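The values are calculated or read from the model by the stated rules, or taken from the named source; none is laboratory data. Just so we're clear, the structure is a prediction, and the values are computed from it rather than from any experiment. For neighbour counting, all protein chains shown are included, and Cβ atoms are generated from backbone atoms with ideal geometry for every residue, glycine included.
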Amino acid sequence: MREYIAKRVLLMVPTAILATLIVFALMKVAPGDPATAILADLDVISQEAEAEAEARIRAQLGLDKPLPIQYLNWLGAVARFEFGDSIWQYRPVRDIVLERLPRTMELGALIVLLTALWAVPGGIISAVQHNKMTDQVLRVLSISGLSIPNVWLGTLVIFALAAYFNWLPSLRWHSPMDDLGANLSHIIFPAIIVSSSTGASILRMTRSQMLEVLREDYVRTARAKGLGFQLVLIRHALRNALLPVLTQFGGLMGVMITGVVVTETIFQVPGMGRAMVEAIGSRDYPIIQGLVLLNIAMVLIINLIVDLLYSVIDPRIRYA
Amino acid sequence: MAMEGDAAAAGVAGELVLRRQPSTTTKLARWCRKNPVGVAGWVLIMILLAMAAFADIASTHEPNKLAGSINELPSSTHYLGTDLVGRDIFSRLLHGARVSLAVGFWAVFMGVTAGLLLGLVSAYAGGIFDLLVQRLVDANIAIPGIVLALVIVAVLGPSVTNVIIALAINYISTATRVTRSVVLREKARVYVEAARSLGASSTRIMFLHVLPNSISPYLVLVSVSIGSAIIGEASLSFLGAGVGADTASWGSMLSTAAARPYDVSWTLALAPGMAIALAVLGFNLFADSLRDTLDPRLRNR
């Protein structure tokens with residue numbers, strides 16, 4: 001087991017390096033870099049002064065070195081847990097992440113919670129009531145959830161609240177430490193909206209898995225020997241149906257870190273997704289690289305945890 | 001098929017009587033009866049395609065010119081009113097269908113096709129190449145699609161073609177993985193061995209024998225993904241990395257409403273979003289039925 005985990009963790013390194021390399025290369029191909037942007041902000045008197053200023057800015061940001069060296073420098077710093085300073089915000093990327101990550105994690109946790117609360121029971125009920133009215137209604141609900149874009153749902157919610165209830169949801173960020181009520185009444189909207197689409201896919205997965213498992217012989221055996229339906233459902237069927245659902249939840253959490261960009265923007269939640277979009281817009285390389293790395297690390301670690309959870313739920317699965 | 005029909009008529013030496021294969025039309029009719037939901041999806045898709053096709057004839061105004069005062073409510077001149085700068089929403093909606101559907105289709109088609117070829121070659125070549133491709137796929141999947149698309153549009157600049165490319169990248173990895181697993185399974189089949197023993201080259205086996213047998217998951221992936229690509233276009237537009245604010249697309253229209261929900265007429269908040277939702281619904285319904293028919297194994301993806 002320990003060996004297995006060590007092997008998986010070691011395999012993460014090349015994946016993470018590749019992914020950051022992809023993003024690094026892409027950003028370098030992009031027209032315009034921070035040096036020219038900073039220069040545009042300055043009032044420079046003469047052509048010579050401009051050239052000199054540009055050279056100094058580049059040297060200061062390390063942009064004058066060859067590209068492979070720039071990347072290796074960044075990688076070397078990362079190995080020492082230094083992620084560099086933001087070009088525009090004049091502070092370490094680490095501070096920005098520490099400030100924003102908890103907000104997105106809170107939103108993400110709420111999304112996962114809401115999703116689990118409506119989609120998993122929904123999927124079970126849908127499977128048990130196979131092809132009955134409840135099943136049809138839940139299926140229509142879930143396919144609508146998949147079809148309605150979050151951007152639109154978010155707009156409609158704000159529009160409806162403002163137009164018909166004459167009430168604007170407060171779109172100002174409150175720390176949950178200071179004012180939990182204000183915090184929740186703000187992020188509950190993006191959480192509900194995102195969970196409508198994430199829940200849709202979880203519901204479909206739960207439903208199809210349950211349908212498959214309920215047809216298995218061991219379920220029939222358990223029922224035949226006189227066990228109650230609910231007991232069989234929870235103890236026998238659900239346990240086996242849950243594995244692929246869990247994988248999907250894992251994927252969901254990984255994407256959550258910067259994947260909630262759209263809803264964070266609509267509801268003005270200053271989280272990781274927002275930070276990412278702003279950084280891409282202003283070519284703030286250190287932030288982009290840092291956030292991408294963090295995101296990848298999270299995805300890989302969550303995948304590992306999900307795989308390990310497998311053996312907890314299904315003791316037949318053993319990792320060597 | 002014709003030969004089998006003849007054989008059935010002749011009775012083949014009186015021993016083997018083959019049943020006539022149902023014609024394609026019969027099969028299609030049977031499929032429609034069994035999949036009313038899929039047909040509903042298909043009808044939705046057709047209606048939206050018609051919108052795109054007849055956009056020039058059906059629009060009442062030039063989509064990109066000022067047609068009246070700003071934020072007008074629906075009237076007989078402006079069926080859906082006007083937007084923030086006074087352009088006719090109905091006409092823009094029709095023309096937007098072209099852009100949005102084209103972006104959705106081409107992004108998915110290019111991405112999934114690239115993934116199909118990559119997965120095929122990767123599974124067939126094996127070794128270092130396979131390992132490298134798999135690591136690349138892992139790396140790609142670990143970066144959230146929307147972030148990668150944002151970066152790519154930042155690199156290439158906002159335009160319809162670039163949005164298509166940015167979205168297409170995200171479909172490559174899934175398609176590569178699915179195709180690779182299908183090909184690995186097919187490779188172990190007897191027909192491949194038979195072809196090889198007859199002296200067929202690897203390339204021939206790969207493209208003439210294995211590829212046709214991997215086509216079902218390909219079709220399923222394409223139909224499943226188009227909806228998400230249409231949503232992707234809307235999300236990119238909203239984040240300022242779309243097809244450009246002046247190009248009428250459902251995404252760019254919706255993002256105007258989403259960015260300034262208090263300043264637009266209710267039709268702009270409703271119409272483009274509804275069009276997107278209906279298009280995605282149509283593709284999802286159709287894809288669901290297609291998947292059940294073509295590839296029951298994929299039902300859980």
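Yes or no: B:Ser216 assigned to a helix (DSSP H, G or I) and within 14 Å of another protein chain (Cβ to nearest Cβ)?
Working: assigned to a helix (DSSP H, G or I): yes; within 14 Å of another protein chain (Cβ to nearest Cβ): no.
Considered against the rule, which asks whether it is assigned to a helix (DSSP H, G or I) and within 14 Å of another protein chain (Cβ to nearest Cβ), B:Ser216 comes out as no.
Given the criteria part of a helix (DSSP H, G or I) and either modelled with pLDDT of 90 or more or on the phi > 0 side of the Ramachandran plot (or both), does A:Trp74 qualify? Taking the combined requirement at face value, the residue does not satisfy it.
Taking the condition of being under 27 Å from B:Ala149 (Cβ atoms) and in a helix (DSSP H, G or I), how many residues in the stretch A:1-37 meet it?
Residues of the stretch A:1-37 under 27 Å from B:Ala149 (Cβ atoms): A:11-37.
The next check asks that each one be in a helix (DSSP H, G or I); those that pass are A:11-29, A:34-37.
The number of residues fulfilling the criteria is 23.
Listed here are the residues, each with its yes/no results for (1) more than 9 Å from chain A (Cβ to nearest Cβ); (2) at pLDDT 85 or above; (3) over 17 Å from the mean Cα position of the chain (by Cα).
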{"residue": "B:Asp246", "(1), (2), (3)": "yes, no, yes"}
{"residue": "B:Met253", "(1), (2), (3)": "yes, yes, yes"}
{"residue": "B:Asp263", "(1), (2), (3)": "yes, no, yes"}
{"residue": "B:Trp266", "(1), (2), (3)": "no, no, yes"}
{"residue": "B:Ala277", "(1), (2), (3)": "no, yes, no"}
{"residue": "B:Phe283", "(1), (2), (3)": "no, yes, no"}
{"residue": "B:Asp288", "(1), (2), (3)": "no, no, no"}
{"residue": "B:Pro296", "(1), (2), (3)": "yes, no, yes"}
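Please specify each residue of the stretch B:132-168 satisfying the condition of being of a type outside the set (Ser, Thr, Tyr), more than 10 Å from chain A (Cβ to nearest Cβ) and surrounded by fewer than 22 Cβ atoms within 10 Å (Cβ to Cβ). Result: B:Val133, B:Pro158, B:Val160, B:Asn162, B:Ile165.
Of all residues in the stretch A:125-165 being among the hydroxyl-bearing types (Ser, Thr, Tyr) and under 20 Å from B:Leu285 (Cβ atoms), which is farthest from the other protein chains (Cβ to nearest Cβ)? Restricting to residues being among the hydroxyl-bearing types (Ser, Thr, Tyr) and under 20 Å from B:Leu285 (Cβ atoms), the top hit is A:Thr134. Could you go through the stretch A:271-286 and let me know if any residue there is touching a Lys or Arg at 6+ places or on another chain (Cβ under 6 Å) and among the acidic types (Asp, Glu). No. Of the helices (runs of 4 or more DSSP H) lying entirely inside the stretch A:230-307, the ones with 1 or more residues being under 13 Å from the mean Cα position of the chain (by Cα), within 10 Å of another protein chain (Cβ to nearest Cβ) and of a type in the set (Gly, Ala, Ser) are found at A:239-259, A:272-281.
The set of residues in the stretch B:224-270 being farther than 26 Å from A:Val157 by Cα and either buried (at least 24 other Cβ atoms within 10 Å of the Cβ) or free of Cβ contacts under 8 Å to residues at least 12 places away in the same chain (or both) consists of B:Ser225 alone.
Being within 14 Å of B:Leu136 (Cα to Cα) and more than 9 Å from chain B (Cβ to nearest Cβ) is the filter here; which residues of the stretch A:13-24 pass it? Selection gives A:Val13 alone.
Condition test on B:Val147, is it over 21 Å from A:Gly154 (Cα atoms) and either in contact with a strand residue (DSSP E or B) (Cβ under 7 Å, 6 or more places away or on another chain) or outside any loop (DSSP other than H, G, I, E, B) (or both)? No, not satisfied.
Report yes if B:Ala107 is of a type in the set (A, V, I, L, M), in contact (Cβ under 8 Å) with a residue 12 or more places away in the chain, away from chain A (no Cβ under 11 Å) and over 15 Å from B:Val210 (Cα atoms), otherwise no. Walk me through how you get there before you give the answer.
On the way: of a type in the set (A, V, I, L, M): yes; in contact (Cβ under 8 Å) with a residue 12 or more places away in the chain: yes; away from chain A (no Cβ under 11 Å): yes; over 15 Å from B:Val210 (Cα atoms): yes.
Taking the combined requirement at face value, the residue satisfies it.
Among the residues of the stretch A:1-42, the ones that are closer than 20 Å to A:Arg283 by Cα and among the charged types (D, E, K, R) come to 3 in all.
Among the numbered criteria (1) within 14 Å of chain A (Cβ to nearest Cβ); (2) within 23 Å of B:Asn64 (Cα to Cα); (3) small (Gly, Ala, Ser), which one does B:Ser225 miss? (2) is the only condition that B:Ser225 fails.
Would it be correct to say that A:Ser185 is at pLDDT below 85, among the polar types (S, T, N, Q) and assigned to a helix (DSSP H, G or I)? So that I can check it myself, show each step before the final result.
Values: at pLDDT below 85: yes; among the polar types (S, T, N, Q): yes; assigned to a helix (DSSP H, G or I): yes.
For A:Ser185, the condition - at pLDDT below 85, among the polar types (S, T, N, Q) and assigned to a helix (DSSP H, G or I) - is met.
Being more than 30 Å from A:Gly108 (Cβ to Cβ), basic (Lys, Arg) and assigned to a helix (DSSP H, G or I) is the filter here; which residues of the stretch A:199-229 pass it?
Within the stretch A:199-229, A:Arg220, A:Arg223 meet the criteria.
Against the conditions (1) closer than 28 Å to B:Ile45 by Cα; (2) in contact with a helix residue (DSSP H, G or I) (Cβ under 6 Å, 6 or more places away or on another chain), A:Thr104 satisfies every one except (1).
Within the stretch A:93-101, identify whether any single residue is within 14 Å of chain B (Cβ to nearest Cβ) and either in contact (Cβ under 8 Å) with a residue 60 or more places away in the chain or not β-branched (Val, Ile, Thr) (or both), and answer yes or no. So that I can check it myself, show each step before the final result.
Filtering the stretch A:93-101 down to residues within 14 Å of chain B (Cβ to nearest Cβ) leaves none.
So far as the stretch A:93-101 goes, no, none of its residues is within 14 Å of chain B (Cβ to nearest Cβ) and either in contact (Cβ under 8 Å) with a residue 60 or more places away in the chain or not β-branched (Val, Ile, Thr) (or both).
Filtering the stretch A:147-169 down to residues that are surrounded by 12 or more Cβ atoms within 10 Å (Cβ to Cβ) and of a type in the set (Ser, Thr, Tyr), which residue is modelled with the highest pLDDT? The qualifying residue modelled with the highest pLDDT is A:Ser147.
Scanning the stretch B:244-263 for residues that are hydrophobic (A, V, I, L, M, F, W, C) and either farther than 23 Å from B:Val103 by Cβ or part of a helix (DSSP H, G or I) (or both) returns B:Trp250, B:Met253, B:Leu254, B:Ala257, B:Ala258, B:Ala259. A single entry from B:Val153, B:Val222 fulfils the requirement of being more than 25 Å from A:Val260 (Cβ to Cβ) and part of a helix (DSSP H, G or I): B:Val222.
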